[in-house]
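Here is the structure we will look at, set down as structure tokens.
The values are calculated or read from the model by the stated rules, or taken from the named source; none is laboratory data. Just so we're clear, the structure is a prediction, and the values are computed from it rather than from any experiment. Here the Cβ positions follow ideal geometry from the backbone for every residue, glycine too, while neighbour counts run over all protein chains shown. SASA here: full protein model, heavy atoms, side chains in, ligands and nucleic acids out. Shrake-Rupley method; radii C 1.70, N 1.55, O 1.52, S 1.80 Å.
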Amino acid sequence: MIILREQKKSKKGVELKSLLGKGAPCDQGEEDAVIGFAVDLGTTVIAITAVELKSGTVIGELSETNEQTKLGADVMMRLMHSLSGKKDELHRMAVTQVEQMAERLLTDISYEKDCDRSRCIFSIVGNTAMCHLFLNQEIEGLAGFPFRPGYTGNYFCTGKDIGMDSFGEARICVLSGIAAHVGSDALAVIGAEKLYRKDKVQLAVDLGTNAEIILNRQGELYVCSTAAGPAFEGKGIQCGTRAEEGAVNGIKMSASNGNIILEYIGGKAPRGICGSGLVDAVAGLRKCGVLQADGYLLSAVEAEKLKVHPEIRKQLVRKNEQNAFIYYQAEKNGREIYLQQSDIRGVQLAKGAIRAGMECLLLEGGLKLSDIDEVIIAGALGTCMRPSNAVGIGLLPDAVPLRFVGNAAGRGAVYMLTDKNFLSDMEQLAEKIHHVELAQKPGFQGHLMQAMSFR
């Protein structure tokens, strides 16, 4: 039996007065600034937080699918498009979308008429490629070994310098990246979570299309980036969607009675599975005995031979010439939500890359998982992901304290607006961080193959 549970998505603002530092935002002497826009320029999703700088209060939040996904789901595809002549188009997409989202936020909070755009500041964080495309910097060095960025350090400019229209006089500050494949989003996570403390041994992962992994060995920092792919952000999954109205964000399956409980974000009928629902779905298939450790999804006939519960078994079908499992079928329009074999392979690759990156970084630091005080999970996915299921499918390690911190990169972008020391402190810290290039590590492929198993 399939049971639906509608959930309300909270839209409450967040007080950030505790983030206020003494002095000017963005460390540029801009004490006259009124509104700040903290931008997390993600490969798949762009998230913007509007902050009233005098009070340090969040006055609006907005996230959208990155328009650049129309020209490739991942960084390498966009770099290839850039090298083939579409760099200006990708640049315009990013700048236009950020500017339009900022205008929409001003409208939502009734500031659009009274706000002097010249007294606005944009703080930007993102992976190295996204920041380069936003600033229209040279990207040739990011496309092949030896990888090198087109600029280093914190970057300051005005809106008109990068092609903004209504925010042409606004100030732009882009946080320093760490390396060609580890960008300012990772540095923002480090700053927001203070992952440089000398009294801790911490492992952190910022879950996204490119998963940045950070190791803090009592103040000595190691970082790497691994191409997790967009699966956990709803892209590349047949029935995938972002965490918005109609998204199935939680699934519970019972092997004993065959019940399937779908939790979805209300406002619309269920229409797709987002990242947290995807983790639950795969974990549930494993628990019910229809998904093997190597990632193979059983057919209905195979499941019958293994005495799988009939209510679970009847959801196994063929879709697009693949084995698939149906979670929901609308009575009115026949819309279906299902996972097919290729979707599961996408999850395997994503979680395998993340765990392999963790293992390689620990080896680089001369540590074992048992040496870690805590594992920190950053990114929007972690806000509603069930830790037991993430551990169950091997995405996260077992027997280590886990702490979920949400969009830490976005909070780091807010610190750029409210703490005068943040930018300079993080720029100096970036120069001391050890970057590990996973592609050059002989053992990475072996770790990847091992980590793809669902146990």
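Given the condition in contact (Cβ under 8 Å) with a residue 24 or more places away in the chain, open to solvent by 10 Å² or more (accessible area, probe 1.4 Å) and over 19 Å from CYS384 (Cα atoms), answer yes or no: does some residue in the stretch 271-282 qualify?
no
Could you give me the residue pairs with C-beta distances under 8 Å whose first residue belongs to the stretch 80-101 and is closer than 12 Å to GLU67 by Cα, whose second residue is of a type in the set (Asp, Glu) and assigned to a helix (DSSP H, G or I) wherever it lies, and which are 6+ apart or on separate chains?
Short answer, once both residue conditions are applied: MET93/GLU67; ALA94/GLU67; THR96/GLU67; GLN97/GLU67.
Please state which of the following conditions LYS332 fails to meet, knowing it meets all the rest: (1) at pLDDT below 95; (2) closer than 25 Å to THR44 by Cα; (3) of a type in the set (Lys, Arg).
Failed condition: (2).
Taking into account only those residues within the stretch 66-86 that are of a type in the set (Lys, Arg) and in contact with a Lys or Arg (Cβ under 9 Å, 6 or more places away or on another chain), which is surrounded by the fewest Cβ atoms within 10 Å (Cβ to Cβ)?
The selected residue is LYS86.
Going by what's in this entry, would GLY406 be described as buried (at least 23 other Cβ atoms within 10 Å of the Cβ) and on the phi > 0 side of the Ramachandran plot?
no
Okay, residues lined up against (1) touching a residue at least 24 places away in the same chain (Cβ under 8 Å); (2) charged (D, E, K, R); (3) in a loop (DSSP other than H, G, I, E, B):
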| position | (1), (2), (3) |
| --- | --- |
| LEU105 | yes, no, no |
| ILE124 | yes, no, no |
| MET130 | yes, no, no |
| TYR151 | no, no, yes |
| ASP161 | no, yes, no |
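Identify, please: which residue in the stretch 89-125 is within 18 Å of GLY168 (Cβ to Cβ) and of a type in the set (Asp, Glu) and is, among those, modelled with the lowest pLDDT?
My answer is GLU112.
For the stretch 190-208, how many residues are more than 18 Å from ILE372 (Cα to Cα) and in contact with a helix residue (DSSP H, G or I) (Cβ under 6 Å, 6 or more places away or on another chain)?
Residues that pass the stated criteria total 3.
I need a count of the residues in the stretch 413-451 that are assigned to a helix (DSSP H, G or I) and basic (Lys, Arg).
0
Looking only at the stretch 196-232, which residues are assigned to a loop (DSSP other than H, G, I, E, B) and either among the acidic types (Asp, Glu) or farther than 24 Å from HIS132 by Cβ (or both)?
TYR196, ARG197, LYS198, ASP199, LYS200, GLN218, GLY219
Could you list, in sequence order, all residues of the stretch 225-250 that are at positive phi and in contact with a Lys or Arg (Cβ under 6 Å, 6 or more places away or on another chain)?
GLY234, GLY246
Regarding the stretch 185-204, can at least one residue be identified that is open to solvent by 40 Å² or more (accessible area, probe 1.4 Å), out of contact with any Pro (no Cβ under 6 Å at 6 or more places or on another chain) and of a type in the set (S, T, N, Q)?
no
Pull up the stretch 201-229, narrow it to residues that are touching a strand residue (DSSP E or B) at 6+ places or on another chain (Cβ under 6 Å) and among the small types (Gly, Ala, Ser), then point me to the one that is nearest to LEU349 (Cα to Cα).
That would be ALA228.
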